[in-house]
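Notes for the one structure printed next.
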Amino acid sequence: MSTDGAVDPLDRHVLASVMAAAMTEGDVTLTQSLGLDRPSLNRLLETAFPGAYAIGDLVGPDADAGEDAIEEPDYRALLLDGRAKGHEIEDWLARVVARRSLKPEHLWVSLGLRNRKELSDMLHRHFPAVAARNVQGMRWKKFFYREMCQAEGVYICKSPVCDVCPDFGECYGVED
């Protein structure tokens with residue numbers, strides 16, 4: 001996927017990483033792993049990695065994004081409400097981040113990234129209004145779920161102040 005595309009090299013890295021991670025999962029199609037329908041995946045490939053893959057080499061003609069989990073529409077809306085520029089890549093990333101958040105490990109791991117900083121950098125580039133609200137450096141997946149719950153008036157925190165919460169270590173700290 002080293003072919004130059006019309007996407008920033010940092011974003012090409014993120015997209016290549018998540019595609020590589022998703023391709024190792026044999027239980028669902030690539031489109032389902034990414035939360036992208038076939039036309040969207042094809043557009044992503046043409047834009048970010050022109051000539052690297054033909055869509056037919058990656059997914060069948062009837063491949064779809066699969067069914068959304070109950071929180072995915074809210075997750076995408078949260079991200080897109082804080083998007084930077086309204087570019088197509090933000091739509092793709094919102095879908096991918098929402099779908100990959102369903103996986104049990106840290107979000108940066110689910111995206112195939114090398115570390116949390118790569119995820120943070122991408123979020124600040126494309127969803128700055130949302131990313132800026134994570135002022136204490138909460139783990140991203142926990143932060144997003146907390147934001148969605150608070151938007152619905154559901155407060156899931158055990159303490160009114162994070163510093164004294166018994167789950168502080170689960171929300172903040174080192175992500176290996």
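The values are calculated or read from the model by the stated rules, or taken from the named source; none is laboratory data. A quick note: this is a predicted structure, and the numbers were derived from the prediction, not measured. With ideal geometry, Cβ positions are generated from the backbone for all residues, glycine too; neighbour counts draw on all protein chains shown. Remember, those area values only see protein heavy atoms, side chains included, never the ligands or the DNA or RNA. Shrake-Rupley method; radii C 1.70, N 1.55, O 1.52, S 1.80 Å.
Considering only protein heavy atoms and a 1.4 Å probe, what is the carbon-and-sulfur percentage of the accessible area of segment 1-112?
For segment 1-112, the apolar C and S fraction of the accessible surface comes to 49 percent.
For residue 52 and residue 85, FRET efficiency with R0 = 25 Å and r from the beta-carbon atoms, rounded to 0.05?
With R0 = 25 Å, the Cβ-Cβ based efficiency is 0.55.
Filter the GluC sites (Glu not before Pro) in segment 1-73 down to the DSSP loop ones having no more than 13 other Cβ atoms within 10 Å, then list what survives.
Sparse-neighbourhood loop GluC sites (Glu not before Pro): 25, 67.
Please compute the Kirkwood hydrodynamic radius of segment 33-165 from all pairs of different C-alpha atoms, in Å with one decimal.
The Cα-based Kirkwood calculation yields 16.0 Å.
Can you compute the modelled spin-label distance between residue 149 and residue 69, with each label point 7 Å from Cα toward Cβ, in nm?
1.5
I'd like the Karplus ³J(HN,Hα) series for segment 96-103: coefficients 6.51, -1.76, 1.60, θ = phi - 60°, whole numbers in Hz, and an x wherever there's a Gly or Pro.
For segment 96-103, the Karplus curve yields 5, 4, 4, 5, 6, 5, 6, 6 Hz.
Probe of 1.4 angstrom, ligands and nucleic acids ignored: what's the accessible area per residue over segment 1-88, in square angstrom?
51
Can you give the accessible area of residue 121 in Å² (nearest 10), computed on protein heavy atoms with a 1.4 Å probe?
60
Relative to the present Cα-Cα distance, how much length would full extension add between residue 135 and residue 23 at 0.36 nm per residue of separation?
37.0 nm
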